[in-house]
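Step one of this worksheet: look at the structure below.
The values are calculated or read from the model by the stated rules, or taken from the named source; none is laboratory data. Computed from a prediction, not measured in an experiment: that's the story for all the values here. Cβ: placed from backbone, ideal geometry, glycine included. Neighbour counts: every protein chain shown. Surface accessibility is based on the protein's heavy atoms, side chains included, excluding ligands, DNA and RNA. Shrake-Rupley method; radii C 1.70, N 1.55, O 1.52, S 1.80 Å.
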Amino acid sequence: MRYDSITEAIGNTPLVRIDPAVHGLRHIDLYAKLEMLNPFGSVKDRAAWNMARAALPGAGERGETVVELSSGNTAKALAVIAGMHGLPFKSVTNRMRIAEVKDLLLLLGAEIEELPGRSECLDPTDTEDPLTLFHQRLNESGGAHLHTDQYFNALNTEAHATGTGPEIVADLDGRAPDWFLACVGTAGSSTGVARALRAHDPAVRVIGLVGEKSDFIPGIRNIDEVHEVGLFDPATYDTIESVGADDAIDGMLTLVRRCGILAGPTGGAAYHGAVRHLQSLDAELTGPVRRTAVFIVCDRVESYLGYVKQRRPELMRRPPARNSVAALSDAEVRAAQVIEVADARKWIAAERPLVIDLRSSFAYAALHIDGSVNIVDELFDELVRGGLPFGKRQPVLLACPVGEQSARYAALLTRMGHPDVRSLAGGIIAWRDAGAPLVRD
Ligand SMILES: Cc1ncc(COP(=O)(O)O)c(C=O)c1O
């Protein structure tokens, strides 16, 4: 294989059968489409190249900067492509949660702008979201930007409708699989592949996989974020199912330890979601006819070692985190003390609790409760591992974007013996919606 440019190595990724002894399905052959083997490391190489390619000639002369709303694989691929073409690249995101990816982007020369957005993915229905506002400005500006616009750009989907999907059919000797399962981020890959497979055989079943409520699996939406926006069209999927972060990590472990596939968490989520979905269907099958299912392995494990270490320290021979929200039961979280905005305002005025804002420093800088301190959740997580970080006589009010994370930390601090810690119901968003005062730095 000889190429004139690394971009020619994008696509034509292997389709590898998973050993039936590993997944246990008796009548279904399960295949992994190894998008992790694209040259920049992920399924997004195809979309990034397809979206940028036509706009690259002359972009340097026009003084353009490649811009994308991405905190992960699209940004990584675009940073490489921009660099190869002598263009600057800017990644705009609500928060870089995966430290390794942030460092890699910086190494690649990317500029990173973090905005106080709410969800991991762009939600254009949320017109107040700074990320949405930035997206609108980018589209209006007509300025020196080469905005690839992955959440809306049909070239994202097309990369998979003309590449990934037909490759799967070709590798299955001209047949579409019976089931296709993929994690949903922008929805570009699942939509494009589904289109190509259905054109070949309308009977193919398409299953979209997302993270569980409020759970974080880097690169994909969670069930709360599945909106009918951008490239996402519910009609693409026969069903949408959710996978928890722990199950995604377990699926990933199976792929890396037993299959020789060094997949990241969304590959693990796709494997877990695939086997779970197919098990009962497989049990009903009889006779000699074999069925086929394909799932996508989006990227590689190496970038997620910190993510895994934080969630499952035992996998890296570290003692289980004693004071960790991961160890809480649902009942403990439900029992956490929660306080509504109006009562919280009275409580603050009367008893002056320590108000801790767990949001990102950017969100905090933009707007916060006067007198609150900002301890970003990851830092707070570290802090509480060593024990209670403040005296028991100090009442504490915890605030996060929507009140879910703060409830978990309130439950944890209660378990650790703090007598009066409360979580702000509905978070800073409820506080703002109630018209309560917020200040900016
Ligand atoms: C790790 C990972 N898995 C899955 C996906 C989903 O891909 P798509 O955006 O095509 O839905 C992404 C998208 O960014 C990703 O980064």
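Structural remarks
- √(5λ) per eigenvalue of the Cα gyration tensor, the stretch 326-433, largest first, Å: 19, 15, 14
- The charge dipole of the chain, taken about its Cα centre with unit charges on the Cβ atoms of Lys, Arg (+1), Asp and Glu (-1) only, comes to about 1060 debye.
- Lys, Arg +1 and Asp, Glu -1 on Cβ, resulting dipole of the stretch 326-433 about Cα centre, debye, nearest 20: 300
- For Leu106 and Ser5, the difference between the fully extended length at 0.36 nm per residue and the C-alpha to C-alpha distance is 34.1 nm.
- Selection of GluC sites (Glu not before Pro), the stretch 225-320, meeting DSSP coil and at most 11 other Cβ within 10 Å: Glu228
- A Gaussian network model of the chain, with springs between Cα atoms under 10 Å, assigns the largest mean-square fluctuation among Gly208, Gly185, Gly86 to Gly86.
- Taking 0.36 nm per residue of separation and subtracting the current Cα-Cα distance, fully stretching the chain between Ala349 and Glu284 would add 17.1 nm.
- Per residue, the accessible area of the chain comes to 43 Å², computed with a 1.4 Å probe over protein heavy atoms only.
- For the chain, the 222 nm mean residue ellipticity estimated from helices alone, with every DSSP H stretch of n ≥ 4 adding -39500 (n - 2.57) and the total spread over all residues, rounds to -10500 deg cm²/dmol.
- Listed residues Gly211, Phe295, Ala321: farthest to the positive end of the dipole of the chain (Cβ charges): Ala321
- Using a probe radius of 1.4 angstrom, the carbon and sulfur fraction of the accessible surface of the chain is 50%.
- Length, then width, then depth: along the principal axes, the Cα atoms of the chain run 72, 60, 39 Å.
- Take every Cα pair under 8 Å whose residues are at least 6 apart in sequence, average their separation, divide by the length of the chain, and the relative contact order is 14 percent.
- Normalised by the number of residues in the stretch 251-405, the average gap of Cα pairs under 8 Å and 6 or more apart makes the relative contact order 18 percent.
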